[in-house]
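Down below is the structure, laid out as structure tokens.
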Amino acid sequence: AQSVTQPDIHITVSEGASLELRCNYSYGATPYLFWYVQSPGQGLQLLLKYFSGDTLVQGIKGFEAEFKRSQSSFNLRKPSVHWSDAAEYFCAVGALRAAGNKLTFGGGTRVLVKP
Amino acid sequence: GAVVSQHPSRVICKSGTSVKIECRSLDFQATTMFWYRQFPKQSLMLMATSNEGSKATYEQGVEKDKFLINHASLTLSTLTVTSAHPEDSSFYICSALVHNEQFFGPGTRLTVL
């Protein structure tokens, strides 16, 4: 069974500082990996995804993530955080079509941005 | 990207009543949609997979008679919470599958009094 771990429940970062959110997954095959952001009371917005190819993935809003197969990780980074980046971030691993394309989400990391 | 809508965005109902939530794909057809439930400050938990023209597939522990899912067309899936109770209060989110990627609706906040 697939699983996702986001070790940090909360992260507080100063505006303008860099941000890194950790994500570790467990999956028996090459995974589809996703990062989503959720503002309070809202749905999920896709930041970026990895299916194959270049292991460094660029996303929207200046985010990037790196797939490291040897570490089973897909950490999200942003060089300079803006106050509007305060939100909940979810890492997810997607099963292949044969397994129903199901997504398994990590527990989420809440990011607080200090002025 | 593909746009998914949900209606209503929030609903308050009395205990014992049934509530229907709609999930629509606005600019594409979706053979497969998913329904998730999210409790406050928690992650999303998959409830069921909805396939157009066939019965939904429910995750372990989800009562199929409690949460009725209908996917009668390629653009609409509905989730009906039957005989709702306060413990059913939650944030319900749907998604539509397009080429191995899920596009999410904005969610529906259900409060059962």
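Read-outs: derived from the displayed coordinates by stated rules, not from any lab. Here the structure is a predicted model, which means the values were calculated and not measured. Note that each Cβ is placed from the backbone with ideal geometry, even for glycine, and that neighbours are counted across all protein chains shown.
What relative contact order, as a whole-number percentage, does chain A give when Cα pairs under 8 Å and 6 or more residues apart are counted? Numbers along the way, then the final one.
Details: 290 pairs, mean separation 42.6, N = 115.
Reported as a whole number, the value is 37 percent.
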Checklist entry - For region A:31-98 and region B:1-76, what is the separation of their Cα centres, given in Å? => result 24
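For chain B, count the residues as N, evaluate 2.2 N^0.38 Å, and divide the Cα radius of gyration by that value, please.
Working: Rg = 13.1 Å, N = 113, 2.2 N^0.38 = 13.3 Å.
Working it through for chain B, the quotient is 0.99.
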Item to check | Phi-based couplings in Hz for region B:97-113 (Karplus 6.51, -1.76, 1.60; Gly and Pro marked x) | outcome: 8, 9, 6, 6, 10, 9, 10, 9, x, x, x, 10, 8, 9, 10, 10, 8
Checklist entry - What aspartates and glutamates sit close enough to residue B:55 to cross-link, taking a C-alpha to C-alpha distance under 19 Å and skipping anything fewer than 8 places away on the same chain? => result B:22, B:63, B:65
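Where a ≥ b ≥ c are the square roots of the eigenvalues of the C-alpha gyration tensor, would you call region A:35-98 rounded, which needs a/c under 1.5, or, failing that, prolate if a/b is larger than b/c, or oblate?
Numbers: a/c = 2.26, a/b = 1.38, b/c = 1.64.
Verdict is oblate for region A:35-98.
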Item to check | Computed P(r) (all Cα pairs; region A:21-62; 5 Å bins; percent) | outcome: 5, 17, 27, 26, 15, 8, 3
Item to check | Interatomic Cα distance distribution for chain A, bins of 5 angstrom, percent | outcome: 2, 12, 24, 25, 19, 10, 5, 2, 0, 0
Checklist entry - Which distance in nm do the two modelled labels at residue B:15 and residue A:71 give, with both placed 7 Å along the Cα-to-Cβ direction? => result 5.0
Checklist outcome for this item: According to the Cβ-distance criterion of 4.7 Å, cysteines of chain B with no possible disulfide partner are B:13
Item to check | All aspartates and glutamates inside 19 Å of residue A:68 as judged from Cα atoms, apart from same-chain residues fewer than 8 positions distant | outcome: A:8, A:20, A:54
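Work out, in µm²/s and without decimals, the Stokes-Einstein translational diffusion coefficient of the protein assembly as shown at 10 °C, 1.306 mPa s, Rh from Kirkwood over C-alpha pairs. Please list the in-between numbers first.
On the way: Rh = 18.2 Å.
Once the numbers are plugged in, D ends up at 87 µm²/s.
Given A:114/B:41; B:14/B:66; A:49/A:78; A:49/B:64, which pairs have Cα atoms separated by over 24 Å? Write down the numbers at each step before the final one.
Numbers: A:114/B:41 20 Å; B:14/B:66 16 Å; A:49/A:78 15 Å; A:49/B:64 32 Å.
As for pairs spanning more than 24 Å Cα to Cα, those are A:49/B:64.
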Next on the checklist: Using the Karplus curve 6.51 cos²θ - 1.76 cosθ + 1.60 with θ = phi - 60°, what ³J(HN,Hα) values do you get for each residue of region B:30-44, in whole Hz, with x for Gly and Pro?
Outcome noted: 10, 5, 10, 10, 10, 10, 10, 10, 9, 7, x, 6, 10, 7, 8
Item to check | Choice from B:66, B:20, B:41 showing the highest fluctuation, given a GNM over chain B with Cα pairs closer than 10 Å | outcome: B:41
Checklist entry - What residues have an amide H closer than 5 Å to that of residue B:30, excluding those fewer than 5 places away on the same chain, when H is modeled at 1.01 Å from N in the peptide plane? => result B:75
Checklist entry - Points 7 angstrom from Cα along the Cβ direction at residue B:22 and residue A:17: gap in nanometres? => result 4.7
Checklist entry - What GluC sites (Glu not before Pro) in region B:1-103 are in a loop by DSSP, with at most 10 other Cβ atoms within 10 Å of the Cβ? => result B:63
Next on the checklist: I need the phi-derived Karplus couplings for region A:3-20: 6.51 cos²θ - 1.76 cosθ + 1.60, θ = phi - 60°, integer Hz, Gly and Pro marked x.
Outcome noted: 8, 9, 10, 10, x, 9, 6, 10, 9, 10, 9, 7, 4, x, 7, 7, 9, 9
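Can you pull the mean other chain C-beta count within 10 Å for peptide B:92-100?
On the way: counts 0, 4, 1, 3, 0, 6, 0, 3, 8.
Shielding by partners across B:92-100 averages 3.
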